[in-house]
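Enquirer: Here you go, one structure.
Just so you know, all these numbers are worked out from the coordinates, no wet-lab data involved. Nothing here was measured: the structure is a model prediction, and the numbers come from that model. Cβ coordinates were reconstructed from backbone atoms using ideal geometry, including for glycine residues, and neighbour counts include every protein chain displayed.
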Amino acid sequence: MPCCGSLTRAPIGLCGRRTSWPRLGEPWSTASTSAPNGLTTAFAFGYNDLIAAMNNHYKDRHVLAAAVRERAEVIVTTNLKHFPDDALKPYQIKALHPDDFLLDQLDLYEEATKAVILGMVDAYIDPPFTPHSLLDALGEQVPQFAAKARRLFPSGSPFGLGVLLPFDQ
């Protein structure tokens, strides 16, 4: 199944440096532990004392504790059942499925989202992708986002062919 983690970390790529992405089709568990240099994931420290106070599923209390410590507004996860609203509400945190998170990003930051998709297309060499083929692959995990993002790339457009993005310079 394709990894959509690169898109959920899209703001990292728009903050002044080009990121590397895990190979498409790589399982998320492998991608997050073997992330190449330049790919930043969320790290938090000093939250262990909060874990016992968390009321969500015991296997994911460390995630909520880290989010509380870092004053996060959103936890992006496919495992929404481990983050019920009653456990998140005291901390003013929401849990969102990656599809919903990416739809929000597309609505709020259309050009930036388009740039990240083009950056992913440009980064994937083996196998190579077009914006549509990348969105087809991502559609397995984030179908609504993939369908809506397609309109950014009209059929026959030259996007994805050696595009120089602003953060490449």
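Enquirer: Using all alpha carbons of region 69-126, what is the percent of pairwise distances in each 10 Å bin, ordered from the shortest bin to the longest?
Expert: 21, 37, 28, 13, 1
Enquirer: Another question, then. Among V74, V116, V68, rank each residue by its count of other Cβ atoms within 10 Å, from fewest to most, as a rough exposure measure.
Expert: So the ranking, lowest neighbour count to highest, is V74, V68, V116.
Enquirer: If you don't mind, there's one more thing I want to ask. Would you kindly work out the equivalent ellipsoid of region 48-97 from its C-alpha gyration tensor and give its semi-axes, the square roots of five times the eigenvalues, largest first in whole Å?
Expert: Three semi-axes, in Å: 14, 12, 10.
Enquirer: Can you list the lysines whose alpha carbon is less than 22 Å from that of K114, not counting same-chain residues fewer than 8 positions off?
Expert: Cα-Cα hits under 22 Å: K148.
Enquirer: Please sort by residue number the trypsin sites (Lys or Arg not before Pro) in region 53-95 whose DSSP state is loop and whose Cβ has at most 12 other Cβ atoms within 10 Å.
Expert: R71
Enquirer: Given 0.36 nm per residue, what is the gain on full extension from D86 to A52 after removing their alpha carbon distance, in nm?
Expert: Gain on extension, D86 to A52, equals 10.6 nm.
Enquirer: Once amide H atoms are built 1.01 Å from N in the peptide plane, which residues 5 or more positions from V74, or in another chain, come under 5 Å H to H?
Expert: Those qualifying (amide H under 5 Å, at least 5 residues apart or on another chain) are K94.
Enquirer: Which of the aspartates and glutamates could a cross-linker bridge to K81, judged by Cα under 19 Å and excluding same-chain residues fewer than eight apart?
Expert: D60, E73, D99, D100
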